[in-house]
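Below is one structure, written out as structure tokens; comments come after it.
The values are calculated or read from the model by the stated rules, or taken from the named source; none is laboratory data. What you see is a predicted model, and the numbers here were worked out from it, not measured in a lab. Here the Cβ positions follow ideal geometry from the backbone for every residue, glycine too, while neighbour counts run over all protein chains shown. When the accessible area is computed, the model is the full protein with side chains, heavy atoms only, and any ligands, DNA or RNA have been set aside. Shrake-Rupley method; radii C 1.70, N 1.55, O 1.52, S 1.80 Å.
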Amino acid sequence: MKNIASSLIDLLPKAELHLHIEGTLEPEMMMQLAKRNKVELPYETVEEVRQAYDFSCLQDFLDLYYLGMSVLITEQDFFDLTWAYLQKVHRDRLTHVEMFFDPQPHMDRGIEFDVVLGGITHALEVGRKEFGITSKLIMCFVRHLPEEHAFTALDCACNHKKEIFGVGMDSTEVGIPPRTFQRVFKAAVNQGFIPVAHVGEEGTADDVKEALDLLKIKRVDHGNHALDDAKLVVRLSKDQTPLTMCPISNWRLKVIDDLSQSPIKKALDAGLLVTINSDDPSYFGGYLNDNYRAVQQSLNLDEKDIITLTKNSFKASFLSDYEKQRQLDRVDSQVSRIQQS
Ligand code: HPA
Ligand code: ZN
């Protein structure tokens with residue numbers, strides 16, 4: 001008989017809250033788009049692309065991630081990319097996604113903001129109509145470019161407040177503290193965007209505190225190193241500030257040596273609102289349910305833990321209270337069905 005935790009992972013509705021759409025570009029699509037758009041890549045075959053995905057740290061991955069993006073040129077390309085992701089995660093029973101996109105590197109290579117946004121939002125709309133998947137978009141500022149550059153992206157986002165819900169911050173972390181982007185975050189919050197940030201992935205617990213205090217973030221993306229600071233853990237638990245953790249990503253970027261070192265169980269036991277996500281599934285070799293399965297096995301999570309993590313995915317989302325409750329009710333009724341079968 002199949003164990004219940006594994007059926008719960010396969011069948012429960014869930015949300016994904018830490019997903020870079022550019023990180024879903026599969027090698028097959030990368031090669032197809034390179035051909036379609038006549039973009040030169042340093043690879044001849046899909047196998048060569050896959051072989052290059054052997055990372056020793058975050059920067060190693062980022063170099064390939066930005067190279068991979070270079071094949072995305074037209075609105076149709078951004079549509080195809082987003083639609084391919086939605087089709088995959090629909091099979092994982094995903095019902096809600098809060099998706100990051102990185103407009104600055106695209107703008108830097110001459111792709112218009114509206115081309116990027118247009119393709120993504122069109123696919124999200126089709127996903128809502130065809131699969132009932134709801135979504136929110138979060139525009140990330142990239143830390144490797146100056147704050148002035150982030151202001152240019154913010155200006156563009158201000159013309160699309162209906163389509164863009166929040167702002168985030170990603171890319172290189174070490175050596176670029178959150179305070180570097182304090183002004184642009186303040187401006188974004190003044191414009192009504194909800195702030196989140198990647199912190200404590202390779203950076204420290206102090207970086208997490210700085211992002212909470214100065215950038216006023218409402219959710220911590222990764223946040224692994226927050227667990228190094230007992231006082232911060234109490235604060236995050238008391239405020240129920242969500243953490244969007246990405247176990248396979250952490251393992252593939254050597255943030256942890258193996259999956260048994262994932263801090264997810266420790267975070268759950270400390271009462272944190274922790275969630276499981278895939279980050280850049282094509283580059284790290286695992287979509288949403290693969291991440292649940294990986295930690296269930298390596299941390300020996302039981303049925304109760306899987307239900308908590310699944311429910312956390314909705315509780316930690318930016319859905320309205322009404323929508324959260326509707327999703328949580330669907331989880332409960334599916335749990336009863338699985339337990340009775
Ligand atoms: N960390 C920082 N930057 C990123 C990531 C990540 O996990 N994925 C895409 N850009
Ligand atoms: Zn990320």
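Values as computed for the structure displayed
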read-out: Accessible solvent surface per residue of the range 1-104, calculated while the other protein chains remain in place, 1.4 angstrom probe, Å²; value: 40
read-out: The chain - mean residue ellipticity at 222 nm from DSSP helices (-39,500 (n - 2.57) per run, n ≥ 4, rounded to 500); value: -16000 deg cm²/dmol
read-out: Sparsely packed trypsin sites (Lys or Arg not before Pro) within the range 1-81, loop by DSSP, other Cβ within 10 Å at most 14; value: 2, 38
read-out: Cut-off 18 Å (backbone N to label point 7 Å along Cα→Cβ of residue 340), residues of the range 292-330; value: 329-330
read-out: Neighbourhood charge, 10 Å Cβ-Cβ cut-off, centred on residue 223 and excluding it, Lys, Arg +1 and Asp, Glu -1; value: -2
read-out: Dipole of the range 31-124, positive end: most advanced residue of 42, 105, 32 [Cβ charges, Cα centre]; value: 32
read-out: Local net charge near residue 213, Cβ-Cβ under 14 Å (Lys/Arg +1, Asp/Glu -1); value: +2
read-out: Dipole magnitude of the range 98-139 about its Cα centre (Cβ charges: Lys, Arg +1; Asp, Glu -1), debye to nearest 20; value: 140
read-out: Residue-count net charge about residue 339 - beta-carbon cut-off 11 Å; Lys, Arg +1, Asp, Glu -1; value: -1
read-out: Most mobile of 228, 207, 80 in a GNM of the chain (Cα contacts under 10 Å); value: 228
read-out: Cβ-placed point charges (K, R +1; D, E -1), dipole of the range 59-199 about Cα centre in debye, nearest 20; value: 580
read-out: Cα principal axis extents for the range 54-110, largest first, Å; value: 32, 30, 17
read-out: Residues of the range 242-289: accessible area per residue with a 1.4 Å probe, Å²; value: 27
read-out: Cα centre as origin, Lys/Arg/Asp/Glu Cβ charges: the chain dipole, Debye; value: 1360
read-out: Dipole of the chain, positive direction: furthest Cα of 270, 338, 65, with charges on the beta-carbon; value: 338
